[in-house]
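Inspection log for the structure reproduced underneath, given as structure tokens.
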Amino acid sequence: MTAKPAAYDKEVLYAFRALFDGVANDGQQKRALEWLLFNACHVGQLSFSANERESAFNEGERHIGLQIARMREPEALQLIEGKSRAEKMAAATKKSEAGRKAGE
């Protein structure tokens, strides 16, 4: 199965080029992200196809788009901060347990 590339126009092409070069304005950044989510990753569309492999491929593209889109959610930062706190606590617990075992 050969995946058909998502269609794009000059506006999208120039938006991505500016983004890659680090000089994209607000409109270009939004245009590139919208194209990525809605055209390349098919967010908001069904991934089902009569062909099971094609459905799986479509769902993989959609999954990437959903991960990117979730970064806008307020909970995304809380998840990262929560993980880092939890990891620090786990490391501290592990360290204290190792110290306790060494003292026995």
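The values are calculated or read from the model by the stated rules, or taken from the named source; none is laboratory data. From a predicted model like this one, the values you see are computed outputs, not experimental measurements. Positions of Cβ are generated from backbone atoms using ideal geometry, with glycine treated the same way; all protein chains shown enter the neighbour counts.
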Fill in: Residue identified as surrounded by 11 or more Cβ atoms within 10 Å (Cβ to Cβ), touching a residue at least 24 places away in the same chain (Cβ under 8 Å) and either within 20 Å of K4 (Cβ to Cβ) or among the aromatic types (F, W, Y) (or both) among L37, L66
L37
Item to complete: Could you look through segment 48-104, keep only residues that are under 27 Å from the mean Cα position of the chain (by Cα) and among the polar types (S, T, N, Q), and pick out the one that is nearest to E34 (Cα to Cα)?
Response: Q67
Worksheet item: Given the structure, is F57 at pLDDT 95 or above and among the hydrophobic types (A, V, I, L, M, F, W, C)?
Response: no
Discussion item. Give me the residue from segment 61-76 that is among the aliphatic types (A, V, I, L, M) and assigned to a helix (DSSP H, G or I) and, out of that set, modelled with the lowest pLDDT.
Written reply: A76
Practice prompt. Determine whether segment 10-32 contains at least one residue that is touching a Gly at 6+ places or on another chain (Cβ under 6 Å), at pLDDT 95 or above and part of a helix (DSSP H, G or I).
Written response: no
